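First up is the structure itself, then whatever we jot down about it.
The values are calculated or read from the model by the stated rules, or taken from the named source; none is laboratory data. Nothing here was measured: the structure is a model prediction, and the numbers come from that model. Cβ placement follows ideal geometry from the backbone for every residue including glycine, while neighbour counts extend to all protein chains displayed.
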Amino acid sequence: MKTLSIDVRPAEPSDARSISEAHRASWQHTYAGIIPHSPLRKMIERRGEVWWNKAIRGPSTVLVADVAGTVAGYATLGLNRARALPQEGEIYEIYMRPEYQGIGLGYQLFGEARKLLHSLRCSGLVVWCLDDCDNSAGFFRSNGGVDAVEGVEDFDDVRLKKLGFIWK
């Protein structure tokens with residue numbers, strides 16, 4: 001009988017290509033039809049293996065959900081970038097490859113990211129998502145987030161509303 005290993009761990013430089021692939025697949029799945037095609041394509045192409053190799057080295061932290069040696073998803077986190085908000089921590093991104101969504105791995109990755117921020121003594125947490133991403137908003141609500149802040153994200157000529165979910 002084989003045992004399937006699932007681990008949430010800090011990303012390593014050798015993960016850069018796999019994170020890039022997870023990024024591409026999850027962003028295409030999540031944002032197709034929401035973010036205009038051209039800016040979405042540019043955003044995805046900008047985040048190739050070289051970009052992720054640099055990101056893994058800091059200053060933010062990159063965690064991966066590793067399923068039997070496959071990067072199923074990733075989270076990036078660090079200090080809150082929105083200085084007007086009192087929350088000290090921020091999860092900048094949390095994405096799962098489409099084939100790994102809906103089975104609980106995102107909750108595990110999110111929980112580990114929150115634990116890490118707490119261990120760094122960050123008081124409170126903020127996570128942003130586009131208002132049109134119903135699955136993402138539902139995920140954050142189901143994890144206890146309150147959508148208490150709004151903002152706007154520009155994609156070429158299109159302005160999209162974003163929601164800031166907070167945890168105290």
**Asked** Does Tyr107 satisfy the criteria of being closer than 19 Å to Ala11 by Cα, out of contact with any Phe, Trp or Tyr (no Cβ under 9 Å at 6 or more places or on another chain), aromatic (Phe, Trp, Tyr) and touching a residue at least 12 places away in the same chain (Cβ under 8 Å)?
**Response** no
**Asked** When residues of the stretch 16-67 are filtered for being surrounded by 13 or more Cβ atoms within 10 Å (Cβ to Cβ), part of a strand (DSSP E or B) and not charged (D, E, K, R), how many remain?
**Response** 7
**Message:** Restricting to the stretch 155-168, name every residue that is at pLDDT 95 or above and out of contact with any helix residue (DSSP H, G or I) (no Cβ under 8 Å at 6 or more places or on another chain).
**Reply:** Arg159, Leu160, Lys161, Lys162, Gly164, Ile166
**Given (1) free of Cβ contacts under 8 Å to residues at least 24 places away in the same chain; (2) under 13 Å from Gln87 (Cβ atoms); (3) not aromatic (Phe, Trp, Tyr), number of the condition Gly124 does not satisfy** = (1)
**Asked** Considering only residues of the stretch 72-101 that are small (Gly, Ala, Ser) and not in a strand (DSSP E or B), which is nearest to His29 (Cα to Cα)?
**Response** Ala82
**Item:** Output for the stretch 126-157, where each listed residue is over 17 Å from Gly89 (Cβ atoms) and small (Gly, Ala, Ser)
**Value:** Ser136, Ala137, Gly138, Ser142, Gly151
**Message:** Pull out all pairs, ordered by first then second residue, where Cβ-Cβ is under 8 Å, the residues are six or more apart or on different chains, the first lies in the stretch 131-147 and is surrounded by fewer than 17 Cβ atoms within 10 Å (Cβ to Cβ), and the second is among the hydrophobic types (A, V, I, L, M, F, W, C) and part of a loop (DSSP other than H, G, I, E, B).
**Reply:** Asp132/Ile34
